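Heads up, the thing below is written out as C-alpha coordinates.
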Amino acid sequence: MASIIQTIGDRCKRCYHCVRHCPAKAIKVVEGQATVVEERCLACGNCFRVCAQQAKQIESGIEDTRAVLAAGGETVAALAPSFPAAFSPARPGQVVSALRRLGFTRVVEVAFGADLVARRYRKLMATQNGTPMLTSPCPALVAYVEKFAPALVPDLAPLVSPMVALGRALKQKHWPEARIVFIGPCTAKKAEIRDPDVVGVIEVALTFDELRAMLEEAGVALTAEPDSEFDPPRAMLGRVFPVSGGLLRTAAVQQDVLDNRILVTDGMLRVQRLIEDLQKAKSMPASWMC
(Lines give C-alpha, C1' and ligand atoms only; values in the text may rest on other atoms or scores of the structure.)
Protein backbone atom coordinates (compact mmCIF):
# COMPACT_ATOMS: atom_id res chain seq x y z
CA MET A 1 0.00 0.00 0.00
CA ALA A 2 1.40 3.39 -1.00
CA SER A 3 2.26 5.85 1.74
CA ILE A 4 -0.16 8.66 2.54
CA ILE A 5 2.79 11.06 2.17
CA GLN A 6 5.12 11.14 -0.83
CA THR A 7 8.22 13.17 -1.75
CA ILE A 8 8.18 15.35 -4.88
CA GLY A 9 11.66 14.63 -6.19
CA ASP A 10 12.13 17.77 -8.28
CA ARG A 11 11.51 19.97 -5.24
CA CYS A 12 13.57 18.11 -2.63
CA LYS A 13 16.78 20.12 -2.04
CA ARG A 14 18.49 17.83 0.46
CA CYS A 15 17.90 20.14 3.41
CA TYR A 16 16.99 17.11 5.61
CA HIS A 17 14.55 19.25 7.58
CA CYS A 18 11.89 16.53 7.36
CA VAL A 19 14.41 13.89 8.48
CA ARG A 20 15.23 15.88 11.61
CA HIS A 21 11.61 16.60 12.51
CA CYS A 22 9.95 13.24 11.87
CA PRO A 23 8.79 11.85 15.25
CA ALA A 24 8.91 8.28 13.93
CA LYS A 25 12.26 8.46 12.10
CA ALA A 26 10.26 7.42 9.06
CA ILE A 27 12.25 9.29 6.41
CA LYS A 28 15.43 8.02 4.81
CA VAL A 29 17.62 9.56 2.13
CA VAL A 30 17.85 7.51 -1.06
CA GLU A 31 19.98 8.87 -3.89
CA GLY A 32 19.76 12.33 -2.40
CA GLN A 33 15.97 12.24 -2.01
CA ALA A 34 14.11 12.16 1.33
CA THR A 35 11.90 9.08 1.02
CA VAL A 36 9.07 8.14 3.38
CA VAL A 37 9.41 4.68 4.94
CA GLU A 38 5.86 3.33 4.90
CA GLU A 39 6.37 0.76 7.69
CA ARG A 40 7.36 3.51 10.13
CA CYS A 41 5.21 6.40 8.89
CA LEU A 42 2.43 7.65 11.20
CA ALA A 43 0.84 9.83 8.48
CA CYS A 44 0.97 12.67 11.00
CA GLY A 45 1.90 15.21 8.33
CA ASN A 46 4.70 16.80 10.35
CA CYS A 47 7.16 16.46 7.45
CA PHE A 48 4.65 18.22 5.19
CA ARG A 49 4.32 21.12 7.61
CA VAL A 50 8.06 21.66 8.14
CA CYS A 51 9.21 21.29 4.52
CA ALA A 52 10.23 24.75 3.29
CA GLN A 53 10.60 23.43 -0.28
CA GLN A 54 7.02 22.12 -0.41
CA ALA A 55 8.51 18.81 -1.47
CA LYS A 56 6.09 16.66 0.51
CA GLN A 57 2.75 15.70 -0.95
CA ILE A 58 -0.21 14.29 0.98
CA GLU A 59 -2.56 11.88 -0.73
CA SER A 60 -5.51 13.94 -1.89
CA GLY A 61 -9.10 12.99 -1.16
CA ILE A 62 -10.56 15.50 -3.61
CA GLU A 63 -11.03 13.18 -6.60
CA ASP A 64 -12.52 10.43 -4.42
CA THR A 65 -14.91 12.95 -2.90
CA ARG A 66 -15.97 14.10 -6.35
CA ALA A 67 -16.61 10.47 -7.28
CA VAL A 68 -18.77 9.97 -4.18
CA LEU A 69 -20.85 13.05 -5.01
CA ALA A 70 -21.14 12.12 -8.69
CA ALA A 71 -22.43 8.64 -7.82
CA GLY A 72 -25.52 10.14 -6.18
CA GLY A 73 -27.54 8.50 -3.43
CA GLU A 74 -27.13 9.40 0.23
CA THR A 75 -23.88 11.30 0.63
CA VAL A 76 -22.88 12.47 4.09
CA ALA A 77 -20.31 15.12 5.02
CA ALA A 78 -19.03 14.42 8.55
CA LEU A 79 -17.43 17.58 9.96
CA ALA A 80 -14.82 17.35 12.70
CA PRO A 81 -15.65 19.59 15.70
CA SER A 82 -12.64 21.87 15.12
CA PHE A 83 -14.09 23.19 11.85
CA PRO A 84 -15.28 26.61 13.19
CA ALA A 85 -11.68 27.61 13.88
CA ALA A 86 -10.52 26.39 10.45
CA PHE A 87 -13.08 28.40 8.48
CA SER A 88 -13.30 31.61 10.49
CA PRO A 89 -14.63 34.26 9.87
CA ALA A 90 -17.37 32.16 8.24
CA ARG A 91 -20.06 31.07 10.69
CA PRO A 92 -20.58 27.33 11.34
CA GLY A 93 -23.98 27.43 9.65
CA GLN A 94 -22.42 28.91 6.52
CA VAL A 95 -19.97 26.00 6.29
CA VAL A 96 -22.91 23.59 6.54
CA SER A 97 -24.71 25.38 3.70
CA ALA A 98 -21.56 25.37 1.57
CA LEU A 99 -21.25 21.59 1.89
CA ARG A 100 -24.82 21.20 0.69
CA ARG A 101 -23.96 23.46 -2.24
CA LEU A 102 -21.17 21.02 -3.14
CA GLY A 103 -23.77 18.25 -3.39
CA PHE A 104 -23.84 16.49 -0.01
CA THR A 105 -27.33 15.36 0.93
CA ARG A 106 -26.54 15.34 4.68
CA VAL A 107 -24.11 17.27 6.87
CA VAL A 108 -23.50 15.87 10.35
CA GLU A 109 -21.21 16.56 13.30
CA VAL A 110 -18.42 14.13 14.18
CA ALA A 111 -18.95 15.56 17.67
CA PHE A 112 -21.90 13.16 17.96
CA GLY A 113 -19.42 10.30 17.58
CA ALA A 114 -17.34 11.95 20.33
CA ASP A 115 -20.41 11.87 22.59
CA LEU A 116 -20.81 8.14 21.91
CA VAL A 117 -17.15 7.40 22.57
CA ALA A 118 -17.10 9.53 25.74
CA ARG A 119 -19.92 7.47 27.24
CA ARG A 120 -17.91 4.32 26.72
CA TYR A 121 -14.81 5.91 28.24
CA ARG A 122 -16.82 6.80 31.33
CA LYS A 123 -17.97 3.20 31.69
CA LEU A 124 -14.44 1.90 31.17
CA MET A 125 -13.05 4.16 33.87
CA ALA A 126 -15.76 3.10 36.29
CA THR A 127 -14.68 -0.56 35.96
CA GLN A 128 -10.96 0.01 35.64
CA ASN A 129 -9.86 -1.14 39.11
CA GLY A 130 -6.51 0.64 39.03
CA THR A 131 -5.20 -0.81 35.78
CA PRO A 132 -3.55 1.75 33.49
CA MET A 133 -5.42 3.05 30.46
CA LEU A 134 -3.98 5.09 27.62
CA THR A 135 -6.59 6.93 25.59
CA SER A 136 -6.47 9.10 22.50
CA PRO A 137 -8.71 9.71 19.47
CA CYS A 138 -5.57 10.53 17.45
CA PRO A 139 -4.72 7.77 14.92
CA ALA A 140 -1.11 9.02 14.67
CA LEU A 141 -0.59 8.51 18.40
CA VAL A 142 -2.24 5.09 18.33
CA ALA A 143 0.02 4.13 15.41
CA TYR A 144 3.05 5.40 17.34
CA VAL A 145 2.22 3.16 20.29
CA GLU A 146 1.55 0.15 18.06
CA LYS A 147 4.79 0.57 16.10
CA PHE A 148 7.25 1.89 18.66
CA ALA A 149 5.83 1.08 22.10
CA PRO A 150 4.23 -2.37 21.67
CA ALA A 151 4.45 -3.07 25.41
CA LEU A 152 1.79 -0.37 25.89
CA VAL A 153 -0.68 -1.75 23.32
CA PRO A 154 -2.62 -3.72 25.99
CA ASP A 155 -3.12 -0.41 27.82
CA LEU A 156 -4.77 1.31 24.86
CA ALA A 157 -8.49 1.79 25.48
CA PRO A 158 -10.34 -0.68 23.22
CA LEU A 159 -12.50 1.97 21.57
CA VAL A 160 -12.70 3.41 18.07
CA SER A 161 -12.28 7.10 17.27
CA PRO A 162 -15.27 9.49 17.15
CA MET A 163 -15.05 9.44 13.34
CA VAL A 164 -15.52 5.67 13.20
CA ALA A 165 -18.14 5.66 15.96
CA LEU A 166 -20.19 8.22 14.04
CA GLY A 167 -19.81 6.33 10.75
CA ARG A 168 -20.98 3.07 12.29
CA ALA A 169 -23.93 4.75 14.00
CA LEU A 170 -25.05 6.45 10.79
CA LYS A 171 -24.89 3.24 8.77
CA GLN A 172 -26.47 1.02 11.42
CA LYS A 173 -29.20 3.35 12.65
CA HIS A 174 -29.92 5.90 9.95
CA TRP A 175 -28.70 5.46 6.36
CA PRO A 176 -27.24 1.97 5.70
CA GLU A 177 -26.31 2.81 2.10
CA ALA A 178 -24.81 6.21 2.87
CA ARG A 179 -21.35 7.10 1.62
CA ILE A 180 -19.58 9.16 4.25
CA VAL A 181 -16.81 11.70 3.71
CA PHE A 182 -14.96 12.73 6.86
CA ILE A 183 -13.69 16.32 6.85
CA GLY A 184 -11.12 17.35 9.43
CA PRO A 185 -7.66 18.77 10.11
CA CYS A 186 -5.74 15.51 10.42
CA THR A 187 -3.84 13.75 7.63
CA ALA A 188 -3.59 10.60 9.76
CA LYS A 189 -7.32 10.07 9.25
CA LYS A 190 -6.48 9.11 5.67
CA ALA A 191 -4.51 6.18 7.04
CA GLU A 192 -7.09 5.35 9.71
CA ILE A 193 -9.89 4.70 7.22
CA ARG A 194 -7.66 2.05 5.59
CA ASP A 195 -7.33 0.09 8.84
CA PRO A 196 -8.67 -3.43 8.19
CA ASP A 197 -10.74 -3.28 11.40
CA VAL A 198 -12.73 -0.24 10.21
CA VAL A 199 -12.32 -0.18 6.44
CA GLY A 200 -15.55 0.64 4.61
CA VAL A 201 -17.06 2.75 7.39
CA ILE A 202 -15.75 6.01 5.94
CA GLU A 203 -15.25 6.30 2.18
CA VAL A 204 -12.98 9.34 2.07
CA ALA A 205 -10.99 11.43 4.55
CA LEU A 206 -10.75 15.02 3.35
CA THR A 207 -8.67 17.72 5.03
CA PHE A 208 -9.94 21.23 5.69
CA ASP A 209 -7.44 22.53 3.13
CA GLU A 210 -8.81 20.13 0.52
CA LEU A 211 -12.38 21.21 1.27
CA ARG A 212 -11.31 24.84 0.96
CA ALA A 213 -9.85 24.07 -2.48
CA MET A 214 -13.07 22.33 -3.58
CA LEU A 215 -15.19 25.27 -2.45
CA GLU A 216 -12.95 27.72 -4.28
CA GLU A 217 -13.07 25.69 -7.48
CA ALA A 218 -16.87 25.46 -7.26
CA GLY A 219 -17.12 29.20 -6.74
CA VAL A 220 -18.71 28.87 -3.31
CA ALA A 221 -17.95 31.87 -1.07
CA LEU A 222 -18.37 30.75 2.53
CA THR A 223 -19.17 34.17 3.97
CA ALA A 224 -21.89 34.72 1.35
CA GLU A 225 -23.76 31.53 2.23
CA PRO A 226 -26.90 31.55 4.41
CA ASP A 227 -26.85 29.76 7.74
CA SER A 228 -28.30 26.28 7.96
CA GLU A 229 -28.47 23.58 10.61
CA PHE A 230 -26.70 20.24 10.84
CA ASP A 231 -28.69 17.14 10.12
CA PRO A 232 -29.41 14.85 13.07
CA PRO A 233 -28.18 13.08 15.12
CA ARG A 234 -27.38 16.13 17.25
CA ALA A 235 -24.11 16.54 19.13
CA MET A 236 -23.76 17.75 22.71
CA LEU A 237 -20.54 18.18 24.68
CA GLY A 238 -18.62 16.26 22.02
CA ARG A 239 -18.00 19.64 20.39
CA VAL A 240 -15.27 20.34 22.97
CA PHE A 241 -13.49 17.04 22.25
CA PRO A 242 -10.60 18.63 20.27
CA VAL A 243 -9.47 20.96 23.06
CA SER A 244 -6.99 19.84 25.71
CA GLY A 245 -8.92 17.87 28.31
CA GLY A 246 -11.99 17.77 26.06
CA LEU A 247 -12.33 14.02 26.41
CA LEU A 248 -12.62 14.37 30.20
CA ARG A 249 -15.19 17.14 29.90
CA THR A 250 -17.26 15.23 27.37
CA ALA A 251 -17.14 12.09 29.51
CA ALA A 252 -18.08 14.09 32.63
CA VAL A 253 -14.91 12.92 34.38
CA GLN A 254 -13.66 15.27 37.10
CA GLN A 255 -9.98 16.15 37.13
CA ASP A 256 -8.29 17.44 40.29
CA VAL A 257 -4.79 18.94 40.22
CA LEU A 258 -4.15 17.25 43.57
CA ASP A 259 -5.23 13.85 42.21
CA ASN A 260 -2.57 12.39 39.90
CA ARG A 261 -4.56 9.39 38.77
CA ILE A 262 -5.40 11.19 35.53
CA LEU A 263 -2.83 12.96 33.37
CA VAL A 264 -3.78 15.05 30.34
CA THR A 265 -1.04 15.93 27.88
CA ASP A 266 -0.80 17.12 24.30
CA GLY A 267 1.80 18.16 21.78
CA MET A 268 4.13 15.85 19.91
CA LEU A 269 7.21 16.19 22.12
CA ARG A 270 5.32 15.98 25.41
CA VAL A 271 3.40 12.91 24.29
CA GLN A 272 6.60 11.21 23.12
CA ARG A 273 8.21 11.83 26.49
CA LEU A 274 5.15 10.48 28.26
CA ILE A 275 5.19 7.29 26.20
CA GLU A 276 8.89 6.83 26.94
CA ASP A 277 8.19 7.25 30.66
CA LEU A 278 5.30 4.81 30.51
CA GLN A 279 7.50 2.19 28.92
CA LYS A 280 10.05 2.64 31.70
CA ALA A 281 7.41 2.40 34.40
CA LYS A 282 5.02 -0.17 32.99
CA SER A 283 3.42 -1.04 36.36
CA MET A 284 1.69 2.24 37.17
CA PRO A 285 -1.11 2.50 39.77
CA ALA A 286 -2.84 5.18 37.73
CA SER A 287 -5.15 5.98 34.82
CA TRP A 288 -3.52 7.87 31.96
CA MET A 289 -5.43 9.95 29.46
CA CYS A 290 -3.82 11.77 26.49
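The values are calculated or read from the model by the stated rules, or taken from the named source; none is laboratory data. This one's a predicted model, so the numbers in the text were calculated from it and none came from an experiment. Positions of Cβ are generated from backbone atoms using ideal geometry, with glycine treated the same way; all protein chains shown enter the neighbour counts. Note: accessible area is taken over every heavy atom of the protein model, side chains too, but ligands, DNA and RNA are not part of it. Shrake-Rupley method; radii C 1.70, N 1.55, O 1.52, S 1.80 Å.
General remarks:
- Cβ-Cβ distance of V243 and L263, R₀ of 22 Å, FRET efficiency by 1/(1 + (r/R0)^6): the value works out to about 0.85.
- For the residues E229, E74, a 1.4 Å probe over the protein chains yields an accessible-area ranking, largest first, of E229, E74.
- Unit charges on C-beta of K, R, D, E only; dipole of the chain, Debye: 600
- Global form of the chain, assessed from the alpha-carbon gyration tensor, a/c cut-off 1.5: oblate
- Three-way shape call for the range 1-108 based on the alpha-carbon gyration tensor, with the a/c threshold at 1.5: prolate
- Here the spin labels are modelled as points 7 Å beyond Cα on the Cα-Cβ line, and at C15 and V37 they lie 2.3 nm apart.
- L156 long-range amide H proximity, modeled H, under 5 Å: L134
- As a fraction of the 1.4 Å probe accessible area of the chain, surface on carbon and sulfur atoms comes out at 53 percent.
- For the residues T35, T187, a 1.4 Å probe over the protein chains yields an accessible-area ranking, largest first, of T35, T187.
- As a calculated quantity, the FRET efficiency between V30 and Q53 at R0 = 22 Å, using C-beta atoms, amounts to about 0.85.
- The order of H17, H174 by accessible area, most exposed first and with a 1.4 Å probe, is H174, H17.
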